[in-house]
Amino acid sequence: MSEIVSSIDDLELDDDQKRAKAVLDHCLDQQSFQKKSKGFLSRLLTIQDSDETYGLYLYGPSGRGKTVLMDWFFNQLKGVPKKRVHFHNFMIEVHDALHAARTDTKDSENDTRVEQLAAEMAKDFDILCFDEFHVTDVADAMILHPLITGFIKAGVFIIVTTNWPPENLYEDGLQRERFLPFIDLIEDHFKQLSFLSGPDYRQTFKDNAPRWLLPLNKESHDQFNRIISILTKDKPPKETEIEILGERSEPFLMANNMLITQADDLLSRDLGPREFIKLVEHCKAVFLDDLKPFSKSSNEKAKRFMTLIDVLYDADVALFVRADCQPEDLYQGKRLQYEFQRTISRLYEMRQKSDPSKRVKKG
């Protein structure tokens, strides 16, 4: 995880974040006194004049620290089977499993089958953390109540981050009346923690995230992926065909209009200034991973890299790089040594500007 998560104790938390962290601290303190067993966390929290609590529901606008706190808590858990997943990715997994075992059943029987699937999945974790919980699909909405009920019966403690209070979930959705029991479940059995005040920490992170990570090791790899996760809002990367010249199109890995690529893959392609210009028109940011020095036999790749930097610089598109060395050590040949000095200068300047959230994608 990145520094934004691991150094949470050094952050100046606002009142909402302090309240949420106190609840999470309580869970961690109690955990240390009990053996690992199904449902141990569900007994740690109680709501006055309410029934037992089976989870936490963290809600509020984007960038208020919900995911930061959940990830911090997740990392602190030791010796507990746990799963942290983006909500939409998890629901794809659930639907695939249901489809594989599909039989013609009535709705009541289908609910039972969903609960059984939850019980089977729960064998792999005691703690389930959902990030970016957002219900828009009717297929998701119809199975959430039996799914979460199945996890609760299996003793799983659930933590959710979302932008919406429970009563606003799946608002105006198809067959919403069938979704209301799930809202009741959340309101009755989840401790709600609102994040409605304070600054947008995601925006602060965008402004201050490191643009050049080195060396090429596990630590920089994890930090680079965390930056991608935050700035793309955890949207899974998808291979996207982008028209780069006339009728010519090529596949690129994109997430939330941001390009994610291995340096060697991008620089090995037959791309010139016009192609890079067309590509960058689709990008709010570029994440260039595993960049290594250009040897004297890699002049063509070095030229493409210089062209890419010129295009990104002129378009004011943010560049995030994980590299083996500093910019001044990238080019190890002689032929392009003079021209490469401009690239070095621009790379250092680009570290200080280009907030990807402020770029408006063309087209």
Quick one: how many Å² of Val138 are accessible to a 1.4 Å probe, rounded to 10? 50 Å²
State log₁₀ I(q)/I(0) for segment 92-197 at q = 0.10, 0.12, 0.23 Å⁻¹ as given by the Debye formula over alpha-carbon point scatterers of equal weight, solvent excluded. -0.28, -0.41, -1.51
Straight-line reach only, C-alpha to C-alpha below 19 angstrom: list the aspartates and glutamates that Lys278 could link to, leaving out same-chain residues fewer than 8 apart. Glu239, Glu241, Glu243, Glu247, Glu250, Asp265, Asp270, Asp310, Asp314, Asp316
Given a 1.4 Å probe, the accessible area of segment 240-363 per residue, as a whole number of Å², is 50 Å²
Extreme residue, positive dipole direction of segment 208-357, given options Gly333, Leu259, Leu308 (C-beta unit charges): Gly333
By per-residue mean of other Cβ atoms within 10 Å, what is the highest-first order of 308-319, 161-172? 308-319, 161-172
Can you pull the percent of segment 207-349's accessible area that's carbon plus sulfur, 1.4 Å probe, other chains left in place? 46 percent
For Ser249 the rounded accessible area (nearest 10 Å², probe 1.4 Å, non-protein molecules ignored) is 60 Å²
Unsatisfied cross-links (Cα-Cα over 19 Å) in the set Lys233/Lys284; Lys123/Lys235; Lys18/Lys235; Lys82/Lys123; Lys123/Lys238; Lys82/Lys235: Lys123/Lys235; Lys18/Lys235; Lys123/Lys238; Lys82/Lys235
So how exposed is Lys301, as accessible area in Å² (1.4 Å probe, rounded to 10)? 60 Å²
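The values are calculated or read from the model by the stated rules, or taken from the named source; none is laboratory data. What you see is a predicted model, and the numbers here were worked out from it, not measured in a lab. Cβ sites come from the backbone with ideal geometry, for glycine too, and all protein chains shown count toward neighbours. The protein model used for the area step is the full one, side chains on, heavy atoms only, and it has no ligands, DNA or RNA in it. Shrake-Rupley method; radii C 1.70, N 1.55, O 1.52, S 1.80 Å.
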